[in-house]
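Input: a single structure, listed below in structure tokens.
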Amino acid sequence: MDAQALQGARIREGVVSLHFEHSALDGAILLLYFAGLALVWLRAFGARPSAEDYLVAGRRVTLPAFIATLVATWYGGILGVGEYTWRYGIANWLVFGVPYYLGAALFAVFLAKRARKSELLSLPDVFERAYGKRAAVVGAAAVFVNAAPAAYVLMLGTLFASIFGGVNAVWVVAAAVLSVFYVDRGGLRTVIFTDQIQCALMYGGFAILCGFLFAQHGGLEFLAPRVPATHWVWHGGNGVGAILVWYVIALGTMVDPAFWQRAYAARDPQVARNGVLWSIAFWVVFDLMTTTCGLYARALLPDLADPVMAFPRLADLTLPPIAWGLFQLGMIATVMSTIDSYAFIAATTVGRDLVWRLRGGDASRIPVWSRYGLWGATAFATALALARPSVVALWHDLGSIVTPTLLLPVLLASRPALRPGPRGALLVMLAPAAVTLGWVLWKNQPVANGAYPLGLEPIYAGLATSLIAWGVSRVIPEEPLHA
């Protein structure tokens, strides 16, 4: 048995210890990256940005920076992509790619320019302008839950444990802290600066892996006989309903706070719109690389015990020192760029959209309150990741709850003839939140046998409830908007 085949057998048996198999140069690459993040933090340590500068980078984000930060922010689920491709093949592209391209395109065409022209600072501002302060507070709570990056903290902790060894829970905590400390002072400017570096690293890492895979094994002629036939079918062996639900969940893109924040920060409305459209093109390229690598993982590691580790194990089988370290850094950067962005959104939701909105006062205190919010949001995300250690389940459940809560109020906010009044808006937001939360909790009860009520996905129940609540809101007595 040659060296590569022996290593492949050891990987399938789960006995490879990555931190003993690779060179000190690989470790130096990772240490250099984290040292760079520490320098970013030190550079911003004495900064005292204004609220607008801290929240939306002074509204001066150019098109290249906009594309890089949005592309990097929105692609944190790298281990989940590897797992899904290993299990179901090209269906990964139709589940975690196409639905979200469509959602992003809808945001670009219908919402991006409008958001930038509004000169607002956050998604809850939309709710306050259209429905009043109480709706803004409810919306802020939903945005906080949606933005808290629990799934990505769990993913990065799992990745750290695979690289360095040790207890997964310890690395989950470390992942959370290491991903947010450097944005504490600098705000969105720091997030966008680091996202540009992380974007380059994520593409570079997978380009390296793709290059070595093609060089060592060839292309389609190698994959075709070694990958199950169902992996080349659009549904991957799943039912239509299992695919379709992700298209509905992807409507959450239109209420994704990262999209709204970047649109508010864009230099002008044209940058906001075109930046999203260009980002879709970049996501298509990256999805092509990750899906290809996932197919190679299935071909080379057919007996992999834990498909979540498809990409790390594939890299361990394929890459020599230095290339291995660069690929691992690319995966780390992919996840960290998502954690820091969403943790920052959750932080500013606390600092501005909850604390400042409720107590008022000097807006110059918003960055200070947001820094407290950053660590509160990080603690919340870490606790959620440890309590629900399934990335796909976190995506599914949180998306199913938050999307029906926010989607209709956002879409109606700019249509005075159709939007509900202040009381009606609360009903349209709270009713679907209660129903979908109940749906998700019911499935976990012993009496449910792992099934949803009526066999209906929670997001469908939530969207139906939202529409019914909107209909009811049309006939209930209303109060003045800012009462």
| request: Consider just the alpha-carbon atoms of the chain and return their Rg together with their Dmax, both in angstrom. | output: 22.5, 79
| remark: Long-range amide H partners of residue 236, meaning residues 5 or more apart or on another chain whose placed amide H is closer than 5 Å, are 91
| request: Give the Kirkwood hydrodynamic radius (Å, one decimal) of region 329-483, defined as one over the mean of 1/r across all pairs of different Cα atoms. | output: 18.0 Å
| message | Order these by the 10 Å Cβ neighbour count, fewest first: 337, 162, 414. | response | 414, 162, 337
| request: Using per-residue counts of other Cβ atoms within 10 Å, averaged over each peptide, order 75-86, 420-431 from highest down. | output: 75-86, 420-431
| Whole-Hz ³J(HN,Hα) from phi, Karplus 6.51 cos²θ - 1.76 cosθ + 1.60, for region 75-83, glycine and proline x | 10, x, x, 5, 5, x, 5, x, 4
| query | Toward the positive end of the charge dipole of the chain, about the Cα centre and with charges on Cβ (Lys, Arg +1; Asp, Glu -1), which of 481, 386, 58 goes farthest? | reply | 481
| query | If we count other beta carbons within 10 Å of each Cβ, what is the order of 66, 193, 110, fewest first? | reply | 110, 193, 66
| request: Check cross-link reach from residue 117 to the aspartates and glutamates: straight Cα distance under 12 Å, and skip same-chain residues fewer than eight apart. | output: 268
| request: Read phi for every residue in region 38-51 and hand back ³J(HN,Hα) as whole Hz from Karplus 6.51 cos²θ - 1.76 cosθ + 1.60, θ = phi - 60°, with x for Gly and Pro. | output: 5, 5, 4, 5, 5, 5, 8, 4, x, 5, 10, x, 5, 4
| Hey, what do the phi angles of region 209-225 turn into as Karplus ³J(HN,Hα) couplings, whole Hz, using 6.51/-1.76/1.60 and θ = phi - 60°, x for Gly and Pro? | 5, 4, x, 5, 5, 5, 5, 7, 10, x, x, 4, 5, 7, 6, 3, x
| query | In degrees between 0 and 90, to the nearest 10, how far off the longest principal axis of the chain does helix 458-473 point, with axes built from Cα atoms? | reply | 10 degrees
| query | Counting Lys and Arg as +1 and Asp and Glu as -1, each charge on the Cβ, what is the dipole of the chain about the Cα centre in debye, to the nearest 20? | reply | 1460 debye
| message | Limiting things to C-alpha atoms, what are the Rg and the maximum Cα-Cα separation (Dmax) for region 48-189, in angstroms? | response | 18.1, 51
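Each reported figure results from applying straightforward, stated rules to the coordinates on display, with no laboratory input. These numbers come from a predicted model, not from an experiment. Every residue, glycine as well, gets a Cβ built from its backbone with ideal geometry; the counts of neighbours run over all protein chains shown.
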